[in-house]
1. Divide by every residue of the chain the summed helix terms, -39500 (n - 2.57) for each DSSP H run of at least 4, and state the resulting mean residue ellipticity at 222 nm, rounded to the nearest 500 deg cm²/dmol.
2. Run down the lysines and flag those whose C-alpha is under 30 Å from the C-alpha of Lys18, throwing out any fewer than 8 positions away in its chain.
3. Tally up the carbon and sulfur contribution to the accessible surface of the stretch 16-70 as a whole percent, 1.4 Å probe, everything protein left in place.
4. With the dipole of the stretch 28-94 worked out from charges on the C-beta (+1 for Lys and Arg, -1 for Asp and Glu) around the Cα centre, which of Trp89, Asn73, Thr33 lies farthest toward the positive end?
5. Hey, can you list the DSSP H helices of the chain whose Cα span along the axis is 15 Å or longer and whose average Kyte-Doolittle score is at least 0.5?
6. Heavy-atom accessible area per residue, the chain, 1.4 Å probe: how many Å²?
7. If amide H atoms are built 1.01 Å from N in the plane of the peptide, which residues on other chains or at least 5 residues away come under 5 Å of the amide H of Met41?
Amino acid sequence: GASVHDSGAHLSAEDYAKFYKMSPISYASKIKTPLLLLLGMKDLRVPPSQGLNFHRQLKARGTSYSRCLTYPNATHSLSDSVATEADVWINVVKHFTAENL
């Protein structure tokens with residue numbers, strides 16, 4: 001079946017099943033490692049809603065420590081400004097040196 005949403009084509013049940021199986025959200029219940037999500041809210045490659053939904057799933061299942069940071073003016077690269085890039089790296093270092101690991 002068609003898989004291009006912009007064309008107006010409709011996805012089949014098989015397409016949805018295939019996409020779900022490839023999606024990280026289908027494995028949320030298996031995640032045990034502490035996870036840090038960094039989301040640029042102006043990301044045009046991956047809709048920020050996907051990261052937010054993934055974070056909600058992890059929290060709802062209680063499967064792991066999960067922290068989600070959003071950057072309102074950032075795109076996919078999270079390097080749109082020096083301030084954003086610095087904040088990202090500071091939080092990555094804090095995440096990997098945290099006691100929860």
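The values are calculated or read from the model by the stated rules, or taken from the named source; none is laboratory data. Small disclaimer: the values here were computed from a predicted structure and weren't measured. Neighbour counts run over all protein chains shown; Cβ positions are idealised from the backbone, glycine included. The protein model used for the area step is the full one, side chains on, heavy atoms only, and it has no ligands, DNA or RNA in it. Shrake-Rupley method; radii C 1.70, N 1.55, O 1.52, S 1.80 Å.
1. -12000 deg cm²/dmol
2. Lys30, Lys32, Lys42, Lys59
3. 58
4. Thr33
5. In the chain, the long hydrophobic H runs are 82-96.
6. 71
7. Here Tyr71, Asn73, Ala74 satisfy the definition.
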